[in-house]
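Q: Below are the structure tokens for one structure; questions will follow.
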Amino acid sequence: MKSHQTFMTTLLFSVIVSILTACSSGTDPISTNEPTQPKSFTEVVIFSVNDVHGRIYNFPKLKTLLDQEREKNDQVFFVSAGDLFSGNPIVDFHPDKGFPLIDLLSKTGLDVNVIGNHEFDYGQEALAARINQASFDFVCYNVDGGSGALAEVPEYILIEKGGVKIVFVGVVETSSPGGYPLTHPRKIEGLTFLNGNAGFGKFANLKNETGADLLVALTHQGEVSDEALLKANPFIDLVIGGHTNKEYGIAVGEDFMVMSGAHLETVGKTTIKLYEDGSTDFSWQLINLDNLSIAENAEISDLVEAYNNKPEFYEVIGSSAIDHSRDETSCFYTDALRQVSGSDFIIQNRGGVRANLDQGEVTPFDIYTIDPFGNGFETYEFTVDEMENVLESIPTSYSYSTHYNLIFQGDEIEIADADGNLLNDSTVVTLSINDYLTNVFASLFDEPSYVYELTTADYLIEFFRSHAAGPVDYSGCAN
């Protein structure tokens, strides 16, 4: 028997949702009016983060929060639902890519992390090295292959604290074309992936086989897939998810699923009461670390300060006249690359623009936060007819820049000059584009006519240093 009680807490308000299930076998009508004896239980606390993406500034608060709870309770678990990397130049450009985050999570006492799609961004060799350096475990059941520590990542892990055993099963999303995670295809060559939901039923007896008190699916695939996973597999007690950066703690039938934001701005706290009769109660709280009044752990604070001491990332290279929205930042991004490359067209997937260009001074730190993936940059030559096919065929949301006019007619796109005259289909135009897109949608691209030496982010920095005439302002642009 399971019963659930959900507490959803945000900065401004609390929403309480209670779902209670009770059973009674008594036949004496008088006894039903007598006060029932409270059931004894063991309280378990699971702190969870997801989609940290290299953010480290809140670790001093997080360490204190966890230590305070550990002083009160032996059954405190700390887990991560994937995407540790890509988003902070301090972490992404460390000589051992990603190590500062591994170091801080280890010193904070993380128990387990599921491999997310962005764990692969540095490549398999780097990921294997970070796994070896971590004092915590990585899990993922639906990936196979690789070498070294990556090949040895288990499907699940049993963790025991204070006599309570929880088995964590890892799942990573496979939503990229071809059924693999959303990362650069070159970074996962040789690996095979299964649909995480399709095969999860094989763990139906895992809790009994391992003697676990709880089975937790530690997933990186988003709330829609997590809900489907719970509905199809009622033996799961709890799903702790990531990937879509949402904030929730909700019941699905008699089970429970949570996600706790992103960027270590928040941490989820799931409290579980394990009753002697086998029933469980769940409560969930979202803790805003940014606004939490708590003493910072001095050792972790000093370590964060040391990692952040990288003056080269804070050199002023230009300025922004406004706080750009994400669409406006994408316009800046594509237009800057077009000016640097001199190409007729630039296309950039919107999901690859990860932060906004804010008003004020611009530094390399800002640019590498906007574009953290280290993608290469290539130029292709197409006839107008071929270029129109590329623009119509890329099955993802993208931003673009061109000195031509694009005429949209339903699903068709035509290219015209500044006066609105359609270009001849045989006219040759140039497209510069990141090599993530050309690898994901390889059928649209042959060999590039030119391959640049640096990354797209490096050329955005070059734009500010060599091309920008003053503060950039792309207000109102939505290409």
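Q: Taking the stated definitions as given, is S283 touching a strand residue (DSSP E or B) at 6+ places or on another chain (Cβ under 8 Å) and in the same structural domain as N356 (by TED's automatic domain parsing)?
A: no
Q: In addition: Take the conditions over 20 Å from the mean Cα position of the chain (by Cα), under 30 Å from N308 (Cα atoms) and not hydroxyl-bearing (S, T, Y) and apply them to G376. Does it pass?
A: yes
Q: Say we look at the stretch 172-209 and pick out the residues that are of a type in the set (K, R) and free of Cβ contacts under 8 Å to residues at least 60 places away in the same chain; which of these is farthest from K273 (Cα to Cα)? Explain how you work it out, then say what you get.
A: We begin by selecting, within the stretch 172-209, every residue of a type in the set (K, R); these are 186-187, 202, 207.
Among the residues that remain, those that are also free of Cβ contacts under 8 Å to residues at least 60 places away in the same chain are: 202, 207.
Values: K202: 27, K207: 17 Å.
Per the stated criteria, the residue is K202.
Q: Could you tell me whether the stretch 142-155 includes any residue that is in the same structural domain as K246 (by TED's automatic domain parsing), in contact (Cβ under 8 Å) with a residue 40 or more places away in the chain and under 19 Å from D290 (Cβ atoms)?
A: No: the stretch 142-155 contains no residue that is in the same structural domain as K246 (by TED's automatic domain parsing), in contact (Cβ under 8 Å) with a residue 40 or more places away in the chain and under 19 Å from D290 (Cβ atoms).
Residue-by-condition table, conditions (1) out of contact with any Leu (no Cβ under 8 Å at 6 or more places or on another chain); (2) farther than 23 Å from A149 by Cα:
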residue	(1), (2)
Y180	no, no
G190	yes, no
L194	yes, no
A204	yes, yes
E209	yes, yes
A212	no, yes
H220	yes, no
K231	yes, yes
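Q: Sticking with this structure for a sec: Give S426, S432 a once-over and let me know the one that is surrounded by fewer than 12 Cβ atoms within 10 Å (Cβ to Cβ) and over 23 Å from the mean Cα position of the chain (by Cα).
A: Only one candidate qualifies: S426.
Q: Pull up the stretch 134-171, narrow it to residues that are part of a strand (DSSP E or B) and of a type in the set (D, E, K, R), then point me to the one that is nearest to E276 (Cα to Cα).
A: So the residue we want is K165.
Q: Which pairs turn up if I take residues in the stretch 52-72 that are polar (S, T, N, Q) and look for partners that are surrounded by 22 or more Cβ atoms within 10 Å (Cβ to Cβ) with beta carbon separation below 7 Å, at least 6 apart in sequence or on another chain?
A: Note: pairs meeting the criteria are N58/L264.
Q: Now a separate question. Can you tell which of E119, E125 is buried (at least 23 other Cβ atoms within 10 Å of the Cβ), in contact with a Gly (Cβ under 9 Å, 6 or more places away or on another chain) and either aromatic (F, W, Y) or modelled with pLDDT of 95 or more (or both)?
A: E119
Q: Still on this structure, please answer the following. Kindly list the number of the only condition in (1) at pLDDT below 95; (2) buried (at least 16 other Cβ atoms within 10 Å of the Cβ) that fails for D411.
A: Failed condition: (2).
Q: Please indicate, with yes or no, whether at least one residue in the stretch 170-179 is surrounded by 24 or more Cβ atoms within 10 Å (Cβ to Cβ), of a type in the set (A, V, I, L, M), in the same structural domain as E155 (by TED's automatic domain parsing) and in contact with a Ser or Thr (Cβ under 7 Å, 6 or more places away or on another chain).
A: There is at least one residue in the stretch 170-179 that is surrounded by 24 or more Cβ atoms within 10 Å (Cβ to Cβ), of a type in the set (A, V, I, L, M), in the same structural domain as E155 (by TED's automatic domain parsing) and in contact with a Ser or Thr (Cβ under 7 Å, 6 or more places away or on another chain).
Q: Let me ask something additional. Would you say Y474 is among the aromatic types (F, W, Y) and not assigned by TED's automatic domain parsing to the domain that holds D335?
A: Details: among the aromatic types (F, W, Y): yes; not assigned by TED's automatic domain parsing to the domain that holds D335: yes.
Spelling it out, Y474 is indeed among the aromatic types (F, W, Y) and not assigned by TED's automatic domain parsing to the domain that holds D335.
Q: Is there any pair with a first residue in the stretch 340-356 that is under 16 Å from D435 (Cβ atoms) and a second that is in a loop (DSSP other than H, G, I, E, B) and β-branched (V, I, T) whose Cβ atoms are under 6 Å apart and which are 6 or more apart or on different chains, and what are they?
A: Cβ pairs passing all conditions: N349/T396.
Q: Test T270 against the criterion of being β-branched (V, I, T), under 19 Å from G82 (Cα atoms) and surrounded by 19 or more Cβ atoms within 10 Å (Cβ to Cβ), and give yes or no.
A: yes
Q: Quickly run through the stretch 243-267 and pick out the residues that are of a type in the set (V, I, T) and closer than 21 Å to K231 by Cα.
A: Answer for the stretch 243-267, where residues must be of a type in the set (V, I, T) and closer than 21 Å to K231 by Cα: T244, I250, V252, V258.
Q: Of all residues in the stretch 92-133, which are touching a residue at least 60 places away in the same chain (Cβ under 8 Å), part of a helix (DSSP H, G or I) and closer than 23 Å to P364 by Cβ?
A: D92, P100, D103, L104, H118
Q: Something else now. For the stretch 440-458, name all the residues that are under 25 Å from the mean Cα position of the chain (by Cα) and buried (at least 16 other Cβ atoms within 10 Å of the Cβ).
A: Scanning the stretch 440-458 gives V440, F441, T455, T456, A457, D458.
Q: If you don't mind, there's one more thing I want to ask. Which residues, counting only those in the stretch 359-378, are in contact with a Gly (Cβ under 9 Å, 6 or more places away or on another chain) and surrounded by fewer than 19 Cβ atoms within 10 Å (Cβ to Cβ)?
A: Within the stretch 359-378, just E361 meets the criteria.
The values are calculated or read from the model by the stated rules, or taken from the named source; none is laboratory data. Just so we're clear, the structure is a prediction, and the values are computed from it rather than from any experiment. We place every Cβ from the backbone using ideal geometry, glycine too, and count neighbours over all the protein chains shown.
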